[in-house]
């Protein structure tokens, strides 16, 4: 299961390395999309725990596609929430 999560994150990190804006965290400039991707993974993990506890996981077919779509949706939601031009 971890390779289904790691592969999209690796692909996105290789493709989007030149994106702006950048955040200054402890003197190091970190791309904002990377922070959003990590936040999306954390939110996905929480939703996964909720789905496991409620017994909804067997109904998510095909599960790798559902999980990848959920991670992408959460990452984009965080990007739009915090970094969208107003």
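Worth a mention:
- Top-ranked residue in the stretch 57-67 [being touching a helix residue (DSSP H, G or I) at 6+ places or on another chain (Cβ under 8 Å) and surrounded by fewer than 17 Cβ atoms within 10 Å (Cβ to Cβ); ranked as farthest from residue 8 (Cα to Cα)]: 57
- For the stretch 23-79, the candidate set comprises residues that are part of a helix (DSSP H, G or I) and touching a strand residue (DSSP E or B) at 6+ places or on another chain (Cβ under 7 Å); within that set, the residue that is modelled with the lowest pLDDT is 32.
The values are calculated or read from the model by the stated rules, or taken from the named source; none is laboratory data. Computed from a prediction, not measured in an experiment: that's the story for all the values here. Every residue, glycine among them, receives a Cβ derived from its backbone with ideal geometry; neighbour counts consider all protein chains shown.
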